[in-house]
Amino acid sequence: MPTKAALRTSDVMRQAHARLRRGQLPVDLLDATIGRSWQRCLEHGLTPDSCPELPRLSGGELRDRRDAHRRLIALADPLVRRVADDLRGCQLLLAGPDATVLKSYGRRFVINDRFCIAPGINLDERWFGTNAPALAVIERAPVLVKSSEHLLFPDNPVSCVAAPLFDVGGDCLGLIDLTFAADHPRPEIFLRRVQQLTGALEQQLFRAHYQQRWVLQVHASLAELDGVACGLVAINDAGLILAVDPQAAQWLGREAATLIGQSIEALLGSAWGEMRRQCEGRSALLGLDLAGGQLVGRLNPPEAWQPATLEGEARGGTSVSVATKPRSAPEQPLEALVAAWPEALAREARRASRALAAGLPVLLQGETGTGKEQLARALHAGLGGVHGKAGPFVALNCAALPESLIEAELFGYGEGAFTGARKGGYGGRLVQANGGTLLLDEIGDMPLALQARLLRVLQERVVTPLGDHREVPIDCRVIAASHRDLEARVAAGDFREDLFYRLAGVVVELPALSQQHQLAETIRRCWAALCRRHRRELALDEALCERLAAYDWPGNWRELEHCLEVALVGAEPELASLTLEALSPRWQRKLAGPASAARVAATPSSDAGGDQALRDLERAHMRRTLEAHDGNVTAAARALGVSRSTLYRRLGAEP
């Protein structure tokens, strides 16, 4: 019997279209979901030769429709925009529950000279035929529609995936579609990506609805417990189950309706009072022995659980990762974090720790992946040793929220401050951080108007929520972080100078790995730390170490640590030394490339000359790159993976 994947090949689809032109519905050649869609399209009078007119909203109608779905847009826009930035060459659509496109992100595909997928059009099957957004609404499940499976467009140059987004009541808020070139060899990657995206958004909805309740996370794997595939159960103070999401029902092997209203004690087999005492003020891991097998759980007290967030880059549309940063996770101590860092950088991190303990603000600057949030969490954790208790760690990504929501998130709001405001109001991140640390991530992207208000709050140490006249005192330490050069933004008028000096008590510049001297030694220390963490004795081959030190590391520390840790845990048990040949084919290609080999050959074989010789080599390489780009500093800096100011500084010139 042919597999489901084989049935969806281009050759089989050509046979299906040929039979359709002869008046036969080729159900046996189609995926079940596609077959049902083709049947409905034929009942609507559509054929591959149909040229229907697509309903399209006017500008005013589109604005009204977006206003009607402002909850969906406010929730999904930040994450969808980030995914679109990662998946260059793809188009993402945010649509309402009737498949009307509300917003489009990334590339805009044109199917033919008549159809361009843009905001305002309706993708209902009745006039657009088989397509992923319409199918996702009808099937209430994620779907893939490959190019020739679009009934009206047998030669469609694109394929698409879509997934519906449900609120905690099971109602469809809308859907997310991802469209990509039809010749992509692995379309299932995009299906997983859109499922991860809707899963992360549904977790945010769950948390917002049950923020004041206990939340139990369940999964079969500890490694996946904080991912978007974990199940969620909401519990009240009396230990009664209030809600069970579909993933939790699946993991628990029970219908959600049979669990709601039941005691959590009956499900977990432990006294609720004892579990509450274990989890007072923090999350606790639980082993769940159920009839269906062993599961892992984490019980979170009210307001202590953070939903999963999408991180990482999907280069070329093929790499997908999901990571979480739960507030309750134990922060890494500073000394453990900086053990593999260059000594000068570790010294600056310790200086920042002392400054934060004294109440001074800390500013962290560096490219994406250089470890700014890691360092912020370690600095906060260090406060526990100085003051006995570090207090809460609260993070706000200023770039991840629309401008209209940052103010409410940061300063809070009173009841009835605006349409949709939470009953009883919301304290805001500044108030949540009282007695602890507030991380203002990507502070360089904060709008100027809010910068002025933030400055006033930091000076006066009181905050006035939106729509409220009360002044709430705050007492928290502040760490700001940005991948932008804030001094350059001050000079350009995009960042307030007075706020910069208020935040820049101690400035730690986290360099890109490509800018660091003696990178091979840093890699050796990092490898040794990983071996200790995983209790594995495995030597790092010196030739491989040189290859690693010569690589550009565009993802910085995040990419380096991921590469080394995956290599360590994936190495065969009998292996005594990790060599280039022991790495995955992908990393072998990366590290054996001509650019990497040339840098290895240019590296001195001994330490004679020390740092000065290395700096001379670096400057010579920068000059050659600048000459190759005809003196264009911006292009040369981009090719080198450094900022323009760094290039000027290393060459001893002023910008």
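Cβ-Cβ under 9 Å, sequence separation 6+ or interchain: first residue in the range 494-509 and open to solvent by 70 Å² or more (accessible area, probe 1.4 Å), partner in a strand (DSSP E or B) and modelled with pLDDT of 90 or more. Which pairs? Pairs found: 502/478; 509/364; 509/365.
One line per residue, one yes/no per condition, for (1) open to solvent by 20 Å² or more (accessible area, probe 1.4 Å); (2) at pLDDT below 85; (3) more than 19 Å from residue 304 (Cα to Cα); (4) of a type in the set (Asp, Glu):
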position: 233; (1), (2), (3), (4): no, no, no, no
position: 249; (1), (2), (3), (4): no, no, yes, no
position: 259; (1), (2), (3), (4): no, no, yes, no
position: 263; (1), (2), (3), (4): yes, no, yes, no
position: 274; (1), (2), (3), (4): yes, yes, no, yes
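Would you check if there is a residue in the range 54-69 being open to solvent by less than 60 Å² (accessible area, probe 1.4 Å), among the hydroxyl-bearing types (Ser, Thr, Tyr), over 30 Å from residue 196 (Cβ atoms) and more than 39 Å from the chain's Cα centre (by Cα)? No, the conditions are met nowhere in the range 54-69.
Among the residues of the range 167-187, those identified as in contact with a Leu (Cβ under 7 Å, 6 or more places away or on another chain) and free of Cβ contacts under 8 Å to residues at least 60 places away in the same chain are 167, 187. Restrict the check to the range 449-458 and report whether at least one residue is free of Cβ contacts under 8 Å to residues at least 12 places away in the same chain and closer than 30 Å to residue 207 by Cα. The answer is yes; a qualifying residue exists. Filtering the range 179-225 to residues that are touching a Cys at 6+ places or on another chain (Cβ under 6 Å) and closer than 27 Å to residue 108 by Cβ leaves 179, 180. Could you pull out the residue among 193, 254, 207 that is closer than 18 Å to residue 168 by Cα, in contact (Cβ under 8 Å) with a residue 40 or more places away in the chain and outside any strand (DSSP E or B)? Of the residues listed, the single one that is closer than 18 Å to residue 168 by Cα, in contact (Cβ under 8 Å) with a residue 40 or more places away in the chain and outside any strand (DSSP E or B) is 207.
Number of residues in the range 84-117 that are aliphatic (A, V, I, L, M) and either in contact with a Pro (Cβ under 8 Å, 6 or more places away or on another chain) or surrounded by fewer than 17 Cβ atoms within 10 Å (Cβ to Cβ) (or both) equals 7.
Each row is one residue, and each column tells you yes or no for (1) of a type outside the set (Asp, Glu); (2) buried (at least 22 other Cβ atoms within 10 Å of the Cβ).
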{"position": "426", "(1), (2)": "yes, no"}
{"position": "434", "(1), (2)": "yes, no"}
{"position": "438", "(1), (2)": "yes, yes"}
{"position": "450", "(1), (2)": "yes, no"}
{"position": "462", "(1), (2)": "yes, no"}
{"position": "468", "(1), (2)": "no, no"}
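Residues in the range 131-160 that are in contact with a Pro (Cβ under 7 Å, 6 or more places away or on another chain) and either closer than 17 Å to residue 79 by Cα or of a type in the set (Val, Ile, Thr) (or both): 137 alone.
Would you point out the residue of the range 563-585, among those that are of a type in the set (Gly, Ala, Ser) and not in a helix (DSSP H, G or I), that is most open to solvent (accessible area, probe 1.4 Å)? It comes out as 576. For residues in the range 202-231 being of a type in the set (A, V, I, L, M) and in contact with a helix residue (DSSP H, G or I) (Cβ under 6 Å, 6 or more places away or on another chain), which is surrounded by the most Cβ atoms within 10 Å (Cβ to Cβ)? Top of the filtered list is 218. Restricting attention to the range 528-562 and to residues that are touching a residue at least 60 places away in the same chain (Cβ under 8 Å) and assigned to a helix (DSSP H, G or I), the residue that is surrounded by the fewest Cβ atoms within 10 Å (Cβ to Cβ) turns out to be 528.
The values are calculated or read from the model by the stated rules, or taken from the named source; none is laboratory data. A quick note: this is a predicted structure, and the numbers were derived from the prediction, not measured. We place every Cβ from the backbone using ideal geometry, glycine too, and count neighbours over all the protein chains shown. Ligands, DNA and RNA are excluded from the accessible area calculation, which covers all protein heavy atoms including side chains. Shrake-Rupley method; radii C 1.70, N 1.55, O 1.52, S 1.80 Å.
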